Amino acid sequence: MNGQLLSPLSLAFFLAFLLVTAGITWFAARKSRSASEFFNAGGRVGPLQNGLAMSGEYLSAAALLGMTGAISLKGFDGIVYSIGVFAGWPLILFLVSEPMKRLGKFTLADVIAWRLDRKPIRIAVALASLPIVLFYLITQLVAAGGLVKLMFGLSYFPAVSLVGVIMLCYVFFGGMLATTWVQIIKAALLFSGSALLVLLLLAHFGFSPAALFTQAVSRAGPAITGPTLLPTLARWDTISLAIALVFGALGMPQILTRFLTVANARDARRSAFYATGLVGVFHVFVLLLGFGALALIGHDDILKTGGAGNMAVPLMARLLGGDAFFGFICAVSFATMLAVVAGLTLSAATTFAHDIWAGVIKSPSATSTDADRDPHAQQPRVARTAAVAIAIASVLLALRFEGQNVAFMVGLSYSIAASANFPVLMLALFWKRLTTSGAVAGMLSGATAAVVMIVLSPTIQVEVLHKALADVENQWWFVSLRNPSIVSVPFAFFISWAVSVMRPQTVEQQGFERMQRVLDL
């Protein structure tokens with residue numbers, strides 16, 4: 001299967017999507033003339049549209065390819081990715097959707113810094129968000145490289161570079177408006193394509209899910225339908241992964257900033273409600289597709305295509321629907337990656353331009369009427385420059401992660417988000433005594449702990465740097481964890497609490513009371 005070229009009809013799906021999104025980007029470029037229009041689409045996106053775009057931010061290559069691949073290779077043990085991430089969406093709906101809209105303007109830092117000293121918070125959020133975005137970008141680029149290798153037989157580096165160039169076009173010219181509509185189109189294509197593939201799969205088994213699971217068990221054994229009895233360290237690792245997936249979504253900047261594109265708090269809540277439903281339905285598809293790939297293709301044949309199971313869905317699409325449907329699913333997968341990386345890049349660029357450039361480097365009180373001197377008018381230009389740097393860094397890093405399962409890599413990104421942004425966001429919204437020093441210390445210590453543990457873990461040391469597993473296992477037990485959240489999340493909460501208690505700030509506590517009055521409006 002590897003390296004087979006697309007048929008002309010399959011290639012047409014690719015070209016059609018690229019032409020449509022190019023048109024959207026051109027249209028959005030004409031509309032994105034101010035910082036507000038570039039960064040949050042002027043707050044004019046409807047709740048249903050935003051719910052689709054928000055689900056599109058989440059339904060990345062990891063959801064379509066990585067989670068399905070993990071289930072097809074591991075059976076029940078791969079379901080933890082689906083359950084864990086979906087469990088975070090009700091928390092987003094009830095805890096952060098309305099506060100984000102009422103308190104925020106462009107970025108997550110606006111919300112955390114609402115009652116605190118803004119400059120230190122903006123710097124801390126930017127520093128903590130960078131590894132989150134980079135890991136997530138690497139994930140999408142790894143999936144893109146594997147997909148293009150499967151379809152066109154190109155080498156990995158040109159494939160990854162091509163995706164980087166296309167995503168820059170979306171961000172560079174269209175901003176949030178273009179990214180939003182690309183997400184909406186991608187979400188619609190992803191749902192329709194996945195639903196059609198599920199129908200073809202069920203039709204193959206006479207619309208009997210029982211027959212599907214029976215054949216999967218016959219090919220892989222009954223153990224795939226239940227959890228594997230794990231050694232002690234692996235059990236802690238699974239719990240740590242679950243913590244990251246559940247709470248990491250509440251710290252992902254590209255998801256949270258979606259609440260700022262709607263008109264009011266009610267629309268923000270409705271957006272989260274729509275996104276939660278869409279994500280929930282999609283995970284039912286993922287469960288069926290994962291076991292379907294195992295039943296039809298088999299564990300060994302899936303592994304032969306490389307990517308740790310990432311290509312299970314495209315292979316099944318070719319088997320059930322022929323080359324044309326294979327091209328459609330590949331086009332949808334490619335669209336998924338492009339849309340997500342564009343949203344991620346824009347989120348990171350916005351953080352730098354709004355929080356660091358306008359909020360720290362330049363005086364936020366600048367009132368010059370000269371657009372070339374006003375730091376606020378310069379924000380889109382600065383964001384575009386930052387997007388180029390982020391794209392180059394992510395492409396270079398993606399070269400080191402070739403062949404990794406993308407769902408697992410997203411777990412690492414969620415681990416950093418759960419460790420850095422989630423604790424401080426919760427404390428900023430719900431704990432009166434949080435101080436600026438406590439927030440900055442908790443955010444940076446959580447991000448640092450997560451990144452250091454990931455770098456020292458078997459994920460990097462063995463699978464990326466190719467060191468001997470025995471040497472890594474001789475390290476301290478918590479360093480040997482593949483997912484650090486079970487250590488880094490409580491550590492971030494503790495540091496924020498301890499620093500805030502040791503250095504209380506009466507003025508910032510009074511700011512909490514003012515914030516509550518705004519949230520109660």
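State which residue is surrounded by the most Cβ atoms within 10 Å (Cβ to Cβ) when the search covers only the stretch 469-491 and only residues that are at pLDDT 65 or above and not in a helix (DSSP H, G or I). Break it down into steps so the answer makes sense when it comes.
Of the residues in the stretch 469-491, the ones at pLDDT 65 or above are 480-491.
Now drop any that are not not in a helix (DSSP H, G or I), which leaves 480-484.
Numbers: SER480: 19, LEU481: 26, ARG482: 22, ASN483: 28, PRO484: 32.
Checked the stretch 469-491; the qualifying residue surrounded by the most Cβ atoms within 10 Å (Cβ to Cβ) is PRO484.
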Does any residue of the stretch 327-338 turn out to be at pLDDT 70 or above, part of a helix (DSSP H, G or I), in the same structural domain as VAL111 (by TED's automatic domain parsing) and surrounded by fewer than 22 Cβ atoms within 10 Å (Cβ to Cβ)? no
Next on the checklist: With the structure loaded, tell me whether VAL111 is at pLDDT 85 or above and either surrounded by fewer than 21 Cβ atoms within 10 Å (Cβ to Cβ) or in a helix (DSSP H, G or I) (or both) or whether it fails that test.
Outcome noted: yes
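What residue, of SER7, SER72, SER55, SER32, is crowded, with 20+ Cβ neighbours inside 10 Å, at pLDDT below 75 and of a type in the set (S, T, N, Q)? Outline the logic, then answer.
Working: SER7 fails: crowded, with 20+ Cβ neighbours inside 10 Å; SER72 fails: at pLDDT below 75; SER55 fails: at pLDDT below 75.
Criteria check complete, one pass: SER32.
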If you go through LEU199, LEU287, LEU233, the only one that is modelled with pLDDT under 85 and either in a helix (DSSP H, G or I) or among the basic types (Lys, Arg) (or both) is LEU233
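For ILE460, indicate whether it is out of contact with any Asp or Glu (no Cβ under 7 Å at 6 or more places or on another chain), surrounded by 18 or more Cβ atoms within 10 Å (Cβ to Cβ), at pLDDT 80 or above and not basic (Lys, Arg).
In short, no.
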Of those in the stretch 443-456 that are within 14 Å of ALA418 (Cα to Cα) and either among the β-branched types (Val, Ile, Thr) or over 22 Å from the mean Cα position of the chain (by Cα) (or both), the residue modelled with the highest pLDDT is THR448
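The values are calculated or read from the model by the stated rules, or taken from the named source; none is laboratory data. Keep in mind the model is a prediction, meaning the values are calculated, not measured. Please note: Cβ atoms are built from the backbone with ideal geometry, for glycine as well, and neighbour counts cover all protein chains shown.
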